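Just so it is clear, none of the values below were taken in a lab; they were calculated from the coordinates. The structure presented is a predicted model; accordingly, all values stated were derived computationally and were not measured. Positions of Cβ are generated from backbone atoms using ideal geometry, with glycine treated the same way; all protein chains shown enter the neighbour counts.
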């Protein structure tokens with residue numbers, strides 16, 4: 001039997017992420033209805049709507065992290081790895097959530113960014129030590145790891161993405177393409193632009 005707290009997290013993920021509603025326009029009444037509980041019940045598990053959002057992001061981010069580690073462990077093509085990471089992460093950061101974080105929830109974004117930095121550290125360690133993709137490092141891996149973590153805070157932020165006019169997927173692809181193929185040279189693997197890359201006007 002699914003516990004009430006888990007029902008609320010599932011409901012928030014369904015509405016905010018799967019259905020693309022974002023956070024700001026979601027009401028506690030909607031969340032309660034989706035979860036099949038009363039509005040009062042929400043406050044038994046979360047002190048505020050923002051706390052529910054944070055817990056939902058934490059849950060989804062952990063799931064994405066596990067998917068990305070599995071991708072590194074099983075996939076040998078670097079282009080496929082990059083596209084897989086973007087597909088996984090874009091699920092969390094749809095357009096409406098990016099706008100909401102930039103406009104209404106900057107403190108929540110700070111928490112997400114701290115959490116994300118920790119996850120990126122784990123992901124980079126896994127890439128360096130356990131990836132199945134054959135590659136030759138053009139730079140010291142420790143420099144690559146420190147650089148991508150610092151740059152990610154500035155570039156993959158709601159404010160930058162909103163100001164750029166690009167989607168998270170577009171920014172993410174260009175960011176990862178620059179870092180991955182500027183620092184790493186795939187061995188015997190011709191890398192081109194992904195077929196599914198978004199056409200720019």
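Laid out as a table, the results:
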{"item": "Residue order, fewest to most surrounding Cβ atoms within 10 angstrom, among 44, 21", "result": "44, 21"}
{"item": "Calculated [θ] (222 nm, deg cm²/dmol) that DSSP helices of n ≥ 4 give over the chain, each run adding -39,500 (n - 2.57)", "result": "-22000 deg cm²/dmol"}
{"item": "GNM flexibility winner over the chain from 58, 47, 100 (Cα, springs under 10 Å)", "result": "47"}
{"item": "Translational D in µm²/s for the stretch 1-88 (Stokes-Einstein at 4 °C, 1.567 mPa s, Kirkwood Rh from C-alpha pairs)", "result": "91 µm²/s"}
{"item": "Residues 45, 136, 159, sorted so that the one with the fewest Cβ neighbours within 10 Å comes first", "result": "136, 159, 45"}
{"item": "Between 0 and 90°, nearest 10: helix 4-13 axis offset from the chain longest Cα axis", "result": "60 degrees"}
{"item": "Residue among 128, 97, 161 with the largest mean-square fluctuation in a Gaussian network model of the chain, springs linking Cα atoms under 10 Å", "result": "128"}
{"item": "The chain, Rg to Rh (Cα coordinates; Rh as Kirkwood inverse mean 1/r)", "result": "1.01"}
{"item": "Within a Gaussian network of the chain (alpha carbon springs, distance under 10 Å), most fluctuating of 72, 53, 179", "result": "179"}
